[in-house]
Structure formats: C-alpha cells, structure tokens
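This is the structure, below, for whatever I ask next.
What follows draws every value from the coordinates through simple rules; no lab data is involved. What you are looking at is a predicted structure, and each value in this text was computed from that prediction instead of being measured. Here Cβ is always computed from backbone atoms with ideal geometry, including for glycine, and neighbour counts include all displayed protein chains.
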Amino acid sequence: MSNQTYGERLILVREAIDKLLQGSQSWRFGDRQYTRADLSTLERMERHYAKMAAREEAVASGRGGRNRVRYIGW
C-alpha cells in the first residue's frame with residue numbers, strides 16, 4: 001500500500017465509506033478491517049488524503065512545492 005499515491009488512497013477510502021453507507025457492516029482497506037463504527041475514522045482519513053492529494057497534484061503541475069527564497073540581512 002505504500003506505493004500508492006494519496007489520490008489513489010483517497011479513492012479507496014471513499015469507496016469504503018460508500019460501502020459502509022450502503023449498508024455493509026464492514027469493509028477491508030489494505031490490511032485493516034473497518035466497521036460501521038469506524039466511519040468517523042474513515043472520514044478523518046478522507047480529509048487527510050484529500051489534502052495530501054491536492055498537494056501532490058499541485059507539485060506535479062508545478063504550482064506547489066516548498067521552494068522559498070529567504071533573504072538574511074547581515
């Protein structure tokens with residue numbers, strides 16, 4: 001699972017949320033099993049992966065990154 005991008009992980013988390021909301025009692029995401037009670041955990045993961053996927057996309061398109069120039073006065 002570590003070879004996946006955040007965008008790919010986001011898709012999987014959203015799929016798991018959809019399955020739980022459609023009535024499934026549990027869903028396997030990677031090597032972990034989530035139940036309906038874990039919906040808040042999946043929603044928290046969704047927010048995190050959405051933020052990280054946006055950063056990935058920004059960096060890939062040349063809009064993002066952390067290149068900053070700092071001028072230090074002597």
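Taking the alpha carbon gyration tensor of the range 6-60, what are the square roots of 5 times its eigenvalues, largest first, to the nearest whole Å?
23, 10, 9
Here's a follow-up. Given the Cα-Cα distance of THR35 and ARG47 and 0.36 nm per residue of separation, how much length would full extension add, in nm?
Stretched out fully, the THR35 to ARG47 stretch lengthens by 2.5 nm.
On to the next question. Give the residue from VAL13, ALA53, GLN25 lying farthest towards the positive end of the charge dipole for the range 6-60; charges sit on Cβ (+1 for Lys and Arg, -1 for Asp and Glu) and the dipole is referred to the Cα centre.
Checking the options against the dipole of the range 6-60, the answer is GLN25.
Follow-up. Output wanted: per-residue J couplings in Hz (rounded whole) for the range 30-35, from phi through Karplus 6.51 cos²θ - 1.76 cosθ + 1.60, θ = phi - 60°, x for Gly and Pro.
x, 9, 10, 10, 10, 10
OK, next. Going by average Cβ density within 10 Å per residue, which order do the peptides 36-47, 52-63, 5-16 take, highest to lowest?
Output ranking for 36-47, 52-63, 5-16: 5-16, 36-47, 52-63.
Give me the one-decimal nm value for the distance between modelled label points at GLU15 and GLU56, 7 Å along each residue's Cα-to-Cβ direction.
In this crude label model, GLU15 to GLU56 measures out at 1.4 nm.
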